[in-house]
Amino acid sequence: QLQLVESGGGLVQAGGSLRLSCSASGSTLDSYDIGWFRQAPGKEREGVSSISADGTAYYVGSVKGRFTISRDNAKNTVYLQMNSLTPEDSAVYYCGADARKSGVLLLFRIPDYWGQGTQVTVSS
């Protein structure tokens, strides 16, 4: 059973950076598409970025040019580098793994597996 654990969240000032990690156990990530999702208080969970098993990356418009997703299959980990953060980026960030080869559609789907989330708070 694949288990995902996010880390790297925290409190940062506007304009700052954070790098989130999504580490897997119980299985290898190399055959999964991985997505990063976020949920702010009172809002629905939204897809932010995803990376296919072949390394193709996708981003929603609000983070394009600021966030970078990458994967290190040797470490069984996917990263989300977040730069130029704004208070609107504050949310609980979750990673999800999906075996369906969804590509960009993963951003709009419920993945097969979820992590427990990590809080990101950006102060103005």
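Given points 7 Å out from each Cα along the Cα-Cβ axis, report the Lys64 to Leu11 separation in nanometres with one decimal.
3.4 nm
Quick one: which residues, 5 or more positions from Val120 or on another chain, have an amide H under 5 Å from its amide H? H modelled 1.01 Å from N in the peptide plane, none for Pro or chain starts.
Gly10, Ala91, Val92, Tyr93
Could you compute the longest span of the chain free of trypsin sites (Lys or Arg not before Pro) located in DSSP loops and having at most 12 other Cβ atoms within 10 Å, not counting the site residues?
Value returned for the longest uninterrupted segment is 1-42.
When the Karplus curve 6.51 cos²θ - 1.76 cosθ + 1.60 is applied with θ = phi - 60°, which whole-Hz ³J(HN,Hα) does each residue of the stretch 98-108 get, with x for Gly and Pro?
The phi angles translate into 9, 8, 8, 6, 7, x, 5, 5, 4, 5, 10 Hz.
Suppose every K and R has +1 on its Cβ and every D and E has -1 on its Cβ; what is the size of the dipole of the chain about the Cα centre, in Debye to the nearest 20? Write down the numbers at each step before the final one.
Numbers: 11 positive and 11 negative charges, 24 e Å.
The dipole of the chain has a size of about 120 debye.
Taking amide H atoms as placed 1.01 Å from N in the peptide plane, list the residues 5 or more away in sequence, or in a different chain, whose amide H sits under 5 Å from that of Phe67.
Asn83
Please report the equivalent ellipsoid semi-axes of the chain, computed as sqrt(5 x eigenvalue) of the Cα gyration tensor, largest first, in whole Å.
Numbers: eigenvalues 99, 40, 36 Å².
After diagonalising the Cα gyration tensor, the semi-axes are 22, 14, 13 Å.
Just subtract the alpha-carbon distance of Asp30 and Ser124 from 0.36 nm times their residue separation and send over the number in nm, one decimal. The partial results should precede the final answer.
Working: separation 94, 0.36 × 94 = 33.84 nm, distance 3.75 nm.
In short, 30.1 nm is gained.
Please report, in Å, the Rg and the Dmax of the stretch 55-107, where both are computed over Cα atoms only.
Calculated on Cα positions, Rg and Dmax stand at 12.1, 33 Å.
Laboratory data are not the source of any read-out in this text; all were calculated from the coordinates shown. Computed from a predicted structure; not experimentally measured. All Cβ positions, even for glycine, are placed from backbone atoms using ideal geometry, and neighbour counts span all protein chains on display.
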